[in-house]
Amino acid sequence: PHFSNSVKLKYVKLGYQYLVNHILTLTLIPVMAGVLIEVLRLGPAEIVNLWNSLHFDLVQILCSCFFIIFVATVYFTSKPRSIYLVDYACYKPPVTCRVPFATFMEHSRLNLSNNPKSVEFQMRILERSGLGEETCLPPAIHYIPPTPTMEAARGEAEIVIFSAMDSLFKKTGLKPKDIDILIVNCSLFSPTPSLSAMVINKYKLRSNIKSFNLSGMGCSAGLISIDLARDLLQVHPNSNAVVVSTEIITPNYYQGKERAMLLPNCLFRMGGAAILLSNRRSERRRAKYRLVHVVRTHKGADDKAYRCVFEEEDKEGNVGISLSKDLMAIAGEALKSNITTIGPLVLPASEQLLFLLTLIGRKIFNPKWKPYIPDFKQAFEHFCIHAGGRAVIDELQKNLQLSAEHVEASRMTLHRFGNTSSSSLWYEMSYIEAKGRMKKGDRVWQIAFGSGFKCNSAVWKCNRTIKTPKDGPWADCIHRYPVHIPEVVKL
């Protein structure tokens, strides 16, 4: 009989994975069993004689104890502090900010009445975007023509950030005076005073707070903020850090005719999240997650990668974000570099061995061998892929060989909230929790892309089984999801 028909290769691979991943245990068990059998063979008198033959010297005992204590002290002092994600809150825009497809297209026709081709282009993008009818834009963009004033931008920032912060305070019981570190990231809107100063003024935070405001770092800035918070919490014991991730749409709505700059208008929507991180041991019991790894990859040394997401003026002087046609290829290279770094940190030994053997085979025997793609499903139970667009999710699902359920959170977040930039990962995490899928010990991989060009990853481990939340951005609609998203929605 044919080998592939007589043996289920799936079970062969499962057996191989179990063997390699538990090789140390499987090797030690026979050795321990042999030692135990030999001890049992000895009679009571022989065991007493063996014990009496051992000579204990007081100096040797003291030196051994001192050495053990010294090694233990060095180990525990050099060990990094555990960083816990206590809880987080996502901003949910009001119904009055909704932008159904019909409304969006009507406004486009009125705003671009002299350029019907640009209107048609936006319609084609929207039809294939994967967005739903409930995404939201700030009030200033609802006017005809839009009124992207500084006052309106500040108003959007206040309602998004303060609403997320208020929800975080309510969920965690945190008081403003308990915040030791504050990090706010928003790429395109960078006023003076900064957004972090705006938060400090609103909640009257302490004068010795360590505050940071990150701008211009794209959709992956949320994970950069997490990385910065982790580094600060390593050197400041017994501290709480609050990270606020958002993107303010009002001043960045493009009103020109360049197609490469019209694309963000179709994808970006209102959103924001506030996250509480802590290194306090007292928070260990109630914390939702523990931060395991953060891996950052930057491809900015390459000119194409640097300019693939670029803020500039068009020929008529309108400022907008230009997206290069090479964006997906550059994102793929950035992802490749990132997973090459994170792979050895998270993949089981069986996957690393297969990857190594394939690599050696391609180098020595046949360069045309198909490269082995590690099975990241062995390392993670949940995937939060930045909901930057349908193409981004499709490519990652294909390249990482993920199932529809693995990318469900990303697709549904894009459908319900649109591309909310750096905060999209937290809407996805909230979706998984709202579905009741997050169990104790589950591992979560957050992947985000951003201008520059950057690909950043964060790995979290669930600290406790999370009950389905009764509030949050999905509370009133989770029963309707997942929904079928057609390839094209004819408008």
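The values are calculated or read from the model by the stated rules, or taken from the named source; none is laboratory data. Here the structure is a predicted model, which is why all the values come from computation and not from measurement. Neighbour counts are summed over all protein chains in view; Cβ atoms, including those assigned to glycine, are modelled from backbone coordinates with ideal geometry. Side chains are part of the model used for accessible areas, which takes the heavy atoms of the whole protein and leaves out ligands, DNA and RNA. Shrake-Rupley method; radii C 1.70, N 1.55, O 1.52, S 1.80 Å.
Worth pointing out:
- Residue selected from the stretch 177-196 under the condition open to solvent by 40 Å² or more (accessible area, probe 1.4 Å) and either assigned to a helix (DSSP H, G or I) or in contact (Cβ under 8 Å) with a residue 40 or more places away in the chain (or both), by the criterion nearest to residue 219 (Cα to Cα): 188
- Lone unmet requirement of (1) within 24 Å of residue 449 (Cβ to Cβ); (2) out of contact with any strand residue (DSSP E or B) (no Cβ under 8 Å at 6 or more places or on another chain) for residue 192: (1)
- Scanning the stretch 300-312 for residues that are open to solvent by 80 Å² or more (accessible area, probe 1.4 Å) and small (Gly, Ala, Ser) yields a total of 1.
- Within the stretch 289-310, tally of residues that are basic (Lys, Arg) and more than 22 Å from the chain's Cα centre (by Cα): 2
- For beta carbons closer than 8 Å, sequence separation of 6+ or different chains, a first residue in the stretch 317-334 that is free of Cβ contacts under 8 Å to residues at least 40 places away in the same chain and farther than 18 Å from residue 268 by Cα and a second that is buried (at least 19 other Cβ atoms within 10 Å of the Cβ) and not β-branched (Val, Ile, Thr), the qualifying pairs are 326/308; 333/299; 333/305.
- Residues of the stretch 313-333 classified as closer than 30 Å to residue 457 by Cβ, of a type outside the set (A, V, I, L, M) and either in contact with a strand residue (DSSP E or B) (Cβ under 9 Å, 6 or more places away or on another chain) or open to solvent by 40 Å² or more (accessible area, probe 1.4 Å) (or both), total: 6
- Qualifying positions in the stretch 335-382 - of a type in the set (Phe, Trp, Tyr) and either over 22 Å from residue 394 (Cβ atoms) or not in a helix (DSSP H, G or I) (or both): 355, 365, 369, 372, 380
- Some residue of the stretch 407-421 being farther than 29 Å from residue 101 by Cβ and open to solvent by less than 10 Å² (accessible area, probe 1.4 Å): no
- Matching residues in the stretch 197-207 - criterion: being outside any helix (DSSP H, G or I) and either β-branched (Val, Ile, Thr) or open to solvent by 90 Å² or more (accessible area, probe 1.4 Å) (or both): 204, 207
- Pairing each residue of the stretch 113-125 that is more than 14 Å from residue 254 (Cβ to Cβ) with any residue that is open to solvent by 30 Å² or more (accessible area, probe 1.4 Å), provided the two are 6+ apart or on different chains, yields C-beta distances under 6 Å for 123/491.
- Checked against the criterion of being part of a loop (DSSP other than H, G, I, E, B), over 30 Å from residue 458 (Cα atoms), open to solvent by 50 Å² or more (accessible area, probe 1.4 Å) and free of Cβ contacts under 8 Å to residues at least 60 places away in the same chain, the stretch 76-88 contains not a single residue that satisfies it.
- Within the stretch 376-394, considering residues that are surrounded by fewer than 17 Cβ atoms within 10 Å (Cβ to Cβ) and touching a helix residue (DSSP H, G or I) at 6+ places or on another chain (Cβ under 8 Å), the one nearest to residue 127 (Cα to Cα): 391
- Restricting the stretch 340-352 to residues that are hydrophobic (A, V, I, L, M, F, W, C) and open to solvent by less than 40 Å² (accessible area, probe 1.4 Å), the residue that is nearest to residue 218 (Cα to Cα): 342
- In the stretch 442-491, the residues that are among the small types (Gly, Ala, Ser) and open to solvent by 30 Å² or more (accessible area, probe 1.4 Å): 472, 475
- Pairs, first under 13 Å from residue 485 (Cβ atoms) in the stretch 383-408, second assigned to a loop (DSSP other than H, G, I, E, B) and among the basic types (Lys, Arg), C-beta under 9 Å, six or more apart: 390/128; 408/435
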